[in-house]
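Peer 1: Dropping the structure in here first, questions after.
The values are calculated or read from the model by the stated rules, or taken from the named source; none is laboratory data. Please read all numbers here as calculations on a predicted model, not as lab measurements. Neighbour counts are summed over all protein chains in view; Cβ atoms, including those assigned to glycine, are modelled from backbone coordinates with ideal geometry. These area figures cover heavy atoms from the full protein model, side chains too; ligands, DNA and RNA do not enter into them. Shrake-Rupley method; radii C 1.70, N 1.55, O 1.52, S 1.80 Å.
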Amino acid sequence: MQFVDLNAQFERIEQEVRNRIDAVLKHGKYIMGPEVNQLEKELASFCGASHALSCASGTDALLLPLMAWGIGPGDAVFVPNFTFFATAEVVSLLGATPIFVDVDPVTFCMDPDKLQDAIAAVETGNASLHPLPQLSTSHRLVPRAVIPVDLFGIAAHYEKIIPVAKSAGLYVLQDAAQSFGCEWDGRRACAMGCDAAATSFFPAKPLGCYGDGGAVFTEDPELAEVMKSLRVHGKGAHKYDNIRIGMNGRLDTIQAAILLAKLEVFEDELERRQQVADLYQSRLAACSNLTLPSVPIGRKSAWAQYSLLSSNRESVLEALKERGIPTAIYYPTPLPFLTAYKSYNYHPDDFPVASRLSEEIFSVPFHPYLSEDSVAFIADTLTSIEI
Ligand SMILES: Cc1ncc(COP(=O)(O)O)c(C=O)c1O
């Protein structure tokens, strides 16, 4: 049994993928070929955004709007403390300071009340309002942006986060690396009213390519133009007219071609993901030793992961391993406690929710092609474990 079975998907779309790759091999436009433009149009139309810009990874998709907004040294960017490293890494890479905000214990997404406290703490320099990093400078940081993460496929609490951010004058950048295809009140990820949104096409993501890839979305035509320039070395009117410092952040044409093939089955895969999740939910409903994922009313998850909580995780993982069931832990260490942020000097009590989640969380196999029998086997195994 595989944790994410990409071969099962490939068997379904093999001919389409091969045809589209062949077409690229024939026209030979490996950089910014016609498939890139077509993909961008289809991505924008899929989620209902005005502008979609493909790029080399989800990490670059986060970097591009931050760079366009001129985020840099002296700026504070609020990020959840329980996510993949890249969400905070891009902030640090630009010389700005990530301000970690604890997550909601039910959705595992950024807690909007704590965001409000964190903004007040940065604005006043008062760490008794919210834990702040220990920095070598005594200069007060300027709050500039917030990056809510749609963890495991559920849209973050935008109904509260956007008003909080706007009243503090912050940009909102949706990190939809794990949630492309999810919904909130009928709006799809990357078109949920944020200033910009980033997604990842890492192979195991809900919509993944066969390598690295990503895309950034916005309603703002000027932002889209600046990000287009940043994506290709700060390009101006032509290739050798470099008007700003940018990056080489293009998506390969071959990856765009693969994504076009995958988009054709994506709606169906989202439905299958929901069915697999429903099956897990019903089979595990009576399992009182586990906390099951919970999707708030009005939201549809993209089900990037099926993650559970157990206060006795090690025994559960051991029992699953004995029966050949692979598992993963997302994430074993909250970001503030990673070595890269050691100098911030945070204490586990600063972030009680993320600290508990990192000790209890684990994920079981999940993908659109997981059979009913496999779900039943995994669920029965989980149910039979005596804790
Ligand atoms: C929440 C989150 N943000 C950003 C990224 C970075 O995406 P990529 O690996 O495509 O650079 C990931 C990838 O795992 C992610 O899960």
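Peer 1: Condition (residue is in a helix (DSSP H, G or I) and of a type in the set (Lys, Arg)) applied to segment 323-331: is it met by at least one residue?
Peer 2: no
Peer 1: May I ask you to say which residue of GLY186, GLY234, GLY208 is at positive phi and open to solvent by less than 10 Å² (accessible area, probe 1.4 Å)?
Peer 2: GLY234
Peer 1: Is it true that LEU129 is open to solvent by 10 Å² or more (accessible area, probe 1.4 Å) and more than 30 Å from ILE21 (Cα to Cα)?
Peer 2: On the way: open to solvent by 10 Å² or more (accessible area, probe 1.4 Å): yes; more than 30 Å from ILE21 (Cα to Cα): yes.
Here the answer is yes, as LEU129 does meet what is asked.
Peer 1: Which residue pairs have Cβ atoms under 7 Å apart, sit 6 or more places apart or on different chains, and have a first residue in segment 342-353 that is more than 21 Å from GLU89 (Cβ to Cβ) and a second that is assigned to a helix (DSSP H, G or I) and of a type in the set (Ser, Thr, Tyr)?
Peer 2: Once the first residue is more than 21 Å from GLU89 (Cβ to Cβ) and sits in segment 342-353, its partners that are assigned to a helix (DSSP H, G or I) and of a type in the set (Ser, Thr, Tyr) give PRO348/SER355.
Peer 1: How many residues does segment 87-110 contain that are open to solvent by 10 Å² or more (accessible area, probe 1.4 Å) and either touching a His at 6+ places or on another chain (Cβ under 8 Å) or of a type in the set (A, V, I, L, M, F, W, C) (or both)?
Peer 2: Number of matching residues: 5.
Peer 1: Among the residues of segment 71-84, count how many are open to solvent by 10 Å² or more (accessible area, probe 1.4 Å) and within 12 Å of the ligand (Cβ to nearest atom).
Peer 2: Count: 1.
Peer 1: Taking the criterion of being under 21 Å from GLU183 (Cβ atoms), within 16 Å of the ligand (Cβ to nearest atom), open to solvent by 10 Å² or more (accessible area, probe 1.4 Å) and not assigned by TED's automatic domain parsing to the domain that holds VAL232, would at least one residue in segment 50-70 satisfy it?
Peer 2: no
Peer 1: From THR137, THR107, THR87, grab the single residue that is in a loop (DSSP other than H, G, I, E, B) and within 16 Å of the ligand (Cβ to nearest atom).
Peer 2: THR107
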